[in-house]
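Below is one structure, written out as structure tokens; comments come after it.
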Amino acid sequence: MAAKAAVDADPQCTNKVSCSDIIALAARDAVFLSGGPTWKVELGRYDGKISTINSVNLPGPSEDFDQLMSRFSVHNLTPTDLVALSGAHTLGATSCFHVNNRLYNPTPDSYLDPGFAIQLEGKCPAAVNDVNYFVFFDNSVNTFDNDYFKMLQQKKGVLFSDEVLYVDTRSTSIVDKFATDQSAFFTAFVESMLKLGRIGVKTAVDGEIRKDCRLTN
């Protein structure tokens, strides 16, 4: 990891800055450099000593609102946190592997705008699950803005777990607020990122500062 190598190249920082902190800072900078808000990252994390696929607990692309909230509420995150953090999908793309089940099951699901479904079918042919086929989450793919929420209002959420945020009445008003008030989205996003950054923090007692971010020491 280039960032880790650059930090460790400074004798004052060698093996003193965790990969976790570097990733948190990189995420903040990526958001800011893409036009989004900035915030003071709370530092001092250690890296975990265990790194397995089973230790990762991320929301699934086909989960409904209850399933999503079950993952968030266990960490004392609210529906507003769920919607705000989902707004990170204003950047990036997803594999057709996560989209095709919405298009060919056997017909597009009712949460999709028919015209948008046709567009997605053009980008994700039936039965194609190759990682080289992908779809951007919104129209302003390189800009951190509230376009993602405007697309949800139009039934143009790429993933089921995106669109359900607007379909479910418990979060519809939050999506509407962020779609009409970008500043409100930015403020909520920063607050939610700070909360997210405090979950499961490792210390010197149960963590380590990795020498290689891909491997435990």
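Report the charge-dipole magnitude of segment 51-176 in Debye, nearest 20, computed about the Cα centre from +1 at each Lys and Arg Cβ and -1 at each Asp and Glu Cβ. Walk me through the numbers on the way to the answer.
Details: 7 positive and 15 negative charges, 22 e Å.
Roughly 100 debye for segment 51-176.
Note the count of lysine pairs whose C-alpha atoms are less than 13 angstrom apart in the chain, limited to pairs 8 or more residues apart or on different chains.
Taking the chain as the scope, the lysine pair count is 7.
What accessible surface, in Å², does a 1.4 Å probe find on Cys213, ignoring ligands, DNA and RNA and rounding to the nearest 10?
30 Å²
With unit charges on the beta carbon (Lys/Arg positive, Asp/Glu negative), name the residue among Val164, Phe189, Ile174 whose Cα is farthest towards the positive pole of the charge dipole of segment 159-201.
Most positive-ward Cα: Phe189.
Using a simple charge model, +1 on the beta-carbon of Lys and Arg, -1 on the beta-carbon of Asp and Glu, nothing else, what dipole does the chain show about its Cα centre, in debye to the nearest 20?
520 debye
With a ≥ b ≥ c taken as the square roots of the eigenvalues of the C-alpha gyration tensor of segment 16-61, please select rounded if a/c is under 1.5 and otherwise prolate if a/b is larger than b/c or oblate if it is not?
On the way: a/c = 3.06, a/b = 1.32, b/c = 2.32.
Oblate.
Working with all protein chains in place, sort Arg45, Arg214 by solvent-accessible area computed with a 1.4 Å probe, largest first.
Largest accessible area first, the list is Arg214, Arg45.
Say we join alpha carbon atoms closer than 10 Å with springs in a Gaussian network model of the chain; which of Leu33, Leu25, Leu58 then has the biggest fluctuation?
Comparing Leu33, Leu25, Leu58 in a Gaussian network model of the chain, the most mobile one is Leu58.
Among all cysteines in the chain, which have no other cysteine Cβ under 4.7 Å from their own Cβ?
Cys13
Taking the chain as a Gaussian network, where each spring joins two C-alpha atoms under 10 Å apart, which residue of Thr80, Thr38, Thr107 fluctuates the most?
Thr107
Kindly provide the helix-only [θ] at 222 nm of the chain, computed as the sum of -39,500 (n - 2.57) over DSSP H runs of four or more divided by all residues, to the nearest 500 deg cm²/dmol? The partial results should precede the final answer.
On the way: 10 runs with 93 residues, N = 217.
After summing the helix terms and dividing by residue count, I get -12500 deg cm²/dmol.
Solvent-accessible area per residue for the chain at a 1.4 Å probe radius, Å²? Before the final figure, lay out the partial values.
Details: 11820 Å² over 217 residues.
Value returned for the chain: 54 Å² of accessible area per residue.
Which residue, chosen from Leu25, Pro59, Gly35, occupies the Cα position most advanced towards the positive end of the dipole of segment 1-79, where the dipole is computed from +1 (Lys, Arg) and -1 (Asp, Glu) charges on Cβ about the Cα centre?
Among Leu25, Pro59, Gly35, the one farthest towards the positive end of the dipole of segment 1-79 is Leu25.
With just the Cα atoms of segment 1-91, tell me how far they stretch along each of the three principal axes, in Å, largest first.
49, 34, 21
Accessible area of segment 50-144 with a 1.4 Å probe: how many percent of it is carbon plus sulfur?
Heavy-atom surface of segment 50-144 belonging to carbon and sulfur, 1.4 Å probe: 56 percent.
Charges at C-beta only: +1 for Lys and Arg, -1 for Asp and Glu. How large is the resulting dipole of segment 56-118 about its Cα centre, in Debye rounded to 20?
I would put it at about 140 debye.
Would you rank Met1, Met193, Met151 by solvent-accessible area, highest first, keeping every protein chain in place and using a 1.4 Å probe?
Sorted by accessible area, descending: Met1, Met193, Met151.
Starting from the amide H of Phe134, placed 1.01 Å from N in the peptide plane, find each other amide H under 5 Å away whose residue is 5 or more places distant or on another chain.
Amide H neighbours of Phe134: Cys96.
The values are calculated or read from the model by the stated rules, or taken from the named source; none is laboratory data. Bear in mind the structure is a predicted one, so any value in this text is a computation, not a measurement. All Cβ positions, even for glycine, are placed from backbone atoms using ideal geometry, and neighbour counts span all protein chains on display. Note: accessible area is taken over every heavy atom of the protein model, side chains too, but ligands, DNA and RNA are not part of it. Shrake-Rupley method; radii C 1.70, N 1.55, O 1.52, S 1.80 Å.
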